[in-house]
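Just so it is clear, none of the values below were taken in a lab; they were calculated from the coordinates. This one's a predicted model, so the numbers in the text were calculated from it and none came from an experiment. Using ideal geometry, Cβ is built from the backbone for each residue, glycine included, and neighbour counts are taken over all protein chains shown.
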C-alpha cells in the first residue's frame, strides 16, 4: 500500500498526519517507509533526521534520473533507519527546489512510481508527504500512490479550494493513474466546541466530501511531539490525539479491507 497525503494549502498538517499514521502502522508490526517530497523536510525532521546533513535522500534519487551522479546506487542506499522500530525514511532536502525544472524538462514524472514499485516486497506500507503545491513532486507522488488522503484544517477559505482540488485530482486519475483511490478528507486541528469548525465541516459534508472519522483534535501535545522529533504513539500512547490517530488508522484499514 502506497498512500500520499496532499493538499495545496500549507499548514493543514500533512507531515503530522503522514508521520503519525506511519508510526502507528510501525508500532503494530508493519514495515513502514516514509518518503518526504517536501523541500521544507518537515517529515524528515519529525522523524529525527536533518535534510542538510548530506545523507542521500529523495533529492539525490531524483538527480540520479537526469545525471550520472548516484547512478550506481540501489534503492536501499536512499533509505535511512529511524530510531523507531519498523519505521524507515527517505529524507527530503531543499535541493529538490533546484531539481524541479530539470526533472520536468526531462519528463521524469514516472520515475518515483518505478522507484517505489521496486520496494513493495520490503515494506508493508509506504507514506508519501508532499509540498503544499500541485507541482512536479506532488504529481509524481499521485502517480506513484494507490491511496490519497486530503488533510483539512477547517479554515473558512479552504472549502472552495478543496472542491477545485478534487476536480484536479479526478483529471490526474483519468490521465495518469486510474488506480488511485481518494480515501477521503482527514479533518485536522479540530476544535469541537468552536462554531467555525462545525460550520466548515457542514459545508464539506454538503459538498459530498467523504470525511473520515475521527477528526483529529487541536492539541499542544502535537507541537510537543514535533519539538521532540517523536510521533505521538511513541511519545504518549494514551493521549487523546494519539488515540484519535489510532482510530483513524483503523478506520482507513477497514475501508481498505471492504474495497478488496
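In plain terms, the C-alpha convex hull of region 75-157 casts an average shadow of 7.3 nm² when viewed from every direction. Kindly express, to the nearest 10 degrees and within the range 0 to 90, the angle between helix 195-206's C-alpha long axis and the longest C-alpha principal axis of the chain. On a 0 to 90 degree scale, this one is about 70. With contributions of -39500 (n - 2.57) from each DSSP H run of at least four residues, the per-residue ellipticity at 222 nm computed over the chain stands at -13000 deg cm²/dmol. Compute the helix-to-body angle for 14-27: its Cα long axis versus the longest principal axis of the chain, expressed 0 to 90° and rounded to tens. Tilt of helix 14-27: around 80 degrees.
Would region 114-163 count as rounded, prolate or oblate if I go by the C-alpha gyration tensor, calling it rounded below 1.5 in a/c and otherwise prolate when a/b exceeds b/c, oblate otherwise? Taking the square roots of the gyration eigenvalues as a ≥ b ≥ c, region 114-163 is prolate.
Between the Cα long axis of helix 95-105 and the first principal axis of the chain there is an angle of about 70°, rounded to the nearest 10.
Modelled this way, with points 7 Å down the Cα-to-C-beta line, the labels at residue 174 and residue 102 are 3.5 nm from one another. Here the extension length gained between residue 50 and residue 160 equals 36.1 nm, from 0.36 nm per residue of separation less the Cα-Cα distance.
Between Rg and the Kirkwood Rh of region 91-246, both from Cα atoms, what is the Rg to Rh ratio?
Taking Rh as the inverse mean 1/r over Cα pairs, Rg/Rh reads 0.99.
How much length would be gained if the chain were fully extended between residue 117 and residue 195, taking 0.36 nm per residue of separation minus their Cα-Cα distance, in nm to one decimal?
Details: separation 78, 0.36 × 78 = 28.08 nm, distance 4.43 nm.
23.7 nm is the gain from fully extending residue 117 to residue 195.
Based on the convex hull around the alpha carbon atoms, region 1-101 presents an average projected area of 6.8 nm².
Cβ crowding within 10 Å, taken as a proxy for footprinting-reagent exposure, orders 251, 218 from fewest neighbours to most as 251, 218.
Here 128, 5 are placed in order of increasing Cβ neighbour count within 10 Å, fewest first, which gives 5, 128.
Between residue 94 and residue 226, the modelled label-to-label distance comes to 1.8 nm, taking each label 7 Å out from Cα in the direction of the beta carbon. Could you compute how fast region 49-113 diffuses translationally, taking Rh as the Kirkwood radius over C-alpha pairs and applying Stokes-Einstein at 20 °C with viscosity 1.002 mPa s? Give it in µm² per second. Answer, rounded: 171 µm²/s.
Springs between Cα atoms under 10 Å define the GNM used for the chain, and in it the highest mean-square fluctuation of 220, 34, 12 occurs at 220. The value obtained for region 175-244, namely the Cα convex hull volume divided by the number of residues, is 139 Å³ per residue.
Test of understanding: what is the full-extension gain from residue 207 to residue 68, defined as 0.36 nm times their sequence separation minus their Cα-Cα distance?
On the way: separation 139, 0.36 × 139 = 50.04 nm, distance 4.84 nm.
Gain on extension, residue 207 to residue 68, equals 45.2 nm.
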